[in-house]
Amino acid sequence: MNHPPARRSPNRRSRHRSWALPAMGVAMLGLAACGGADATDLEEESPMADFDAAVARFDQEAIAHLPTPFEAMPSLGAELGGPRLFVKRDDQTGLAFGGNKARKLAFILADAVRQQSDTVITWAGVQSNWARMTAAGSRRLGMTPILVLQRREDQSVSPADGNLLLDRILGAEVRILEPGEDREAAVEEIVAAEREAGRRPYVVAVGGSHTGGSMDQPLGAVAYADAFGEILKQAREQGVEVSHVVHASGSGSTQAGLVVGAKMLAPEVRILGVSSGGSKARGEANVLAIARETVEAMGLGIEIAPADVVVYDDYVGEGYGILNEAVVEAIAVTARTEGLLLDPVYTGKAMSGLFHLVRSGHFADDDAVVFLHTGGTPALFPYREGVLENLEELPTDVP
Ligand SMILES: Cc1ncc(COP(=O)(O)O)c(C=O)c1O
């Protein structure tokens, strides 16, 4: 199969430019630009420029719509009381209904193209956003997606709905595993069969977070280190000093990347991950490990401490993918104040966490809290019944 030549995002070198930054980056990176620039230029531009340079050492395919919008949420802020709220619209990354995966896949699929792969193999749950976006990105770059999707006891796969319907439309080869079936063995078998047939599979773990298979650098997290720079630039252009970023945390590379970006560029910004299912201890250990691996891969020479990583598991409810009233309340209130749609598995849960943190006085009134919308909205549809039931139960003071 022919591959299109590796493309670089046309805006990748120009996306982040001149805004004031802490003076730490130059020394830490050891990449200080010299010659020509005066002292003020160096002070103001080099840390971010050097950070950009560290990101730019990784190839990217231009498959995501970037930068995504950064907007205020004044009506939601007024409804909840407390800090100013903003949203970073990574649900608008394009490709196939957007989400955080487009940014990650821009780097990961560039690696697949570099390795001259013709097939991309990954695994996930049946309603996986990662699987859908991997299918779309692979198709876009002329590769065949093979998805190994494991059903949960409570999940049906027929009729194909939400992400599974989109996987089918994208022509992914889908192999459904029953609960308890050995996923690792299934993937190994498919990889062997593909090689046997003369194809060149690229194997990447769920969420694009962990190295292993064909991916030997934490490219998903590199993408989100880059995204932190984008958030910072947009916020500063709008005169906003970000205090916190709140987002859904799952396989960990979104948070790991944000933590690395923040530590490098604006260490005063707290990154708060809201777990979609796993425990706090597991989530934090996982994010910390990926963040440290990312620092190493990007050659940043900084230390990520355990205290830099915060994952809340207080909003998980009964478990991954299980709807609860607080999630539906968060979805409804956000939709009815800002016209902004969230999903029931990740962003609705993260927003329910943000609601609780605001209402319990976690933030100061002059904080500026950014909700990173990581996408996932196609999963609203398979959850239609639970969403409708919970909407009917909402308290009457919900707008
Ligand atoms: C919509 C959405 N938000 C957040 C996440 C979590 O991102 P990460 O796996 O990088 O922690 C996922 C992961 O699948 C997702 O689909």
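Every number in this text was worked out from the coordinates using simple rules, so none of it is lab data. For clarity, every value in this text was computed on a predicted model and none was experimentally measured. Counting neighbours? That spans all protein chains shown, and the Cβs are built from the backbone with ideal geometry, glycine included.
Let me spell out the model: positive unit charges on the Cβ of Lys and Arg, negative unit charges on the Cβ of Asp and Glu, origin at the Cα centre of the chain. What dipole size does that give, in debye rounded to 20?
1200 debye
Averaged over every viewing direction, what's the projected area of the C-alpha convex hull for the chain? Give it in nm², one decimal, please.
So the Cα hull casts an average projection of 19.3 nm².
Quick check for me: using +1 on Lys/Arg Cβ and -1 on Asp/Glu Cβ, what's the dipole size of the stretch 176-261 about its Cα centre, in debye to the nearest 20?
Numbers: 6 positive and 13 negative charges, 79 e Å.
Rounded to the nearest 20 debye, it is 380 debye.
For the chain, give me the percentage of DSSP beta bridges that are antiparallel, rounded to the nearest 5 percent. Intermediate values should be presented prior to the final figure.
On the way: 4 of 37 bridges.
Of the beta bridges lying entirely in the chain, close to 10 percent run antiparallel.
What is the distance in Å between the Cα centres of the stretch 243-301 and the stretch 132-189?
Each part's Cα centre sits 27 Å from the other's.
Just to be sure I understand the model, the point goes 7 Å from the Cα along the line to the Cβ. What's the resulting residue 359 to residue 392 distance in nm?
So the label points at residue 359 and residue 392 sit 2.3 nm apart.
If you average the C-alpha positions of the stretch 326-399 and of the stretch 82-98 separately, how far apart do those two centres end up, in angstrom?
A separation of 13 Å, based on Cα centres.
Work from the charge dipole of the chain (Cβ charges, +1 for Lys and Arg, -1 for Asp and Glu, about the Cα centre) and give the residue of 56, 131, 332 farthest towards its positive end.
56
Under the 0.36 nm per residue contour assumption, what length would be gained going from the current alpha-carbon distance of residue 303 and residue 193 to full extension?
Additional length available on full extension: 35.4 nm.
Can you put 165, 265 in order of Cβ neighbours within 10 angstrom, beginning with the fewest?
Listing 165, 265 from fewest to most nearby Cβ atoms yields 165, 265.
So what is the calculated 222 nm ellipticity per residue for the chain, using -39500 (n - 2.57) for each DSSP H run with n of 4 or more, over all residues, to the nearest 500 deg cm²/dmol?
Calculated from helices alone, the mean residue ellipticity at 222 nm is -13000 deg cm²/dmol.
Identify, among 377, 107, 87, the residue whose Cα sits farthest towards the positive end of the charge dipole of the chain, taking +1 on the Cβ of Lys and Arg and -1 on the Cβ of Asp and Glu, with the dipole about the Cα centre.
107
Compute for the stretch 118-199: radius of gyration divided by Kirkwood radius, i.e. Rg/Rh, restricted to C-alpha atoms, rounded to two decimals.
Rg/Rh: 0.96.
Do any GluC sites (Glu not before Pro) in the stretch 309-355 lie in a DSSP loop with no more than 13 other beta carbon atoms within 10 Å, and if so, which?
318
For the stretch 227-333, rounded, prolate or oblate, judged on the Cα gyration tensor with a ≥ b ≥ c (square roots of eigenvalues), a/c < 1.5 rounded, else prolate if a/b > b/c? Can you show the working numbers first?
Values: a/c = 2.63, a/b = 1.34, b/c = 1.97.
Oblate is the answer for the stretch 227-333, as a/c is 1.5 or above yet b/c matches or exceeds a/b.
The stretch 187-294: which GluC sites (Glu not before Pro) are DSSP loop and have at most 16 other beta-carbon atoms within 10 angstrom?
Qualifying residues, ordered by number: 241, 268.
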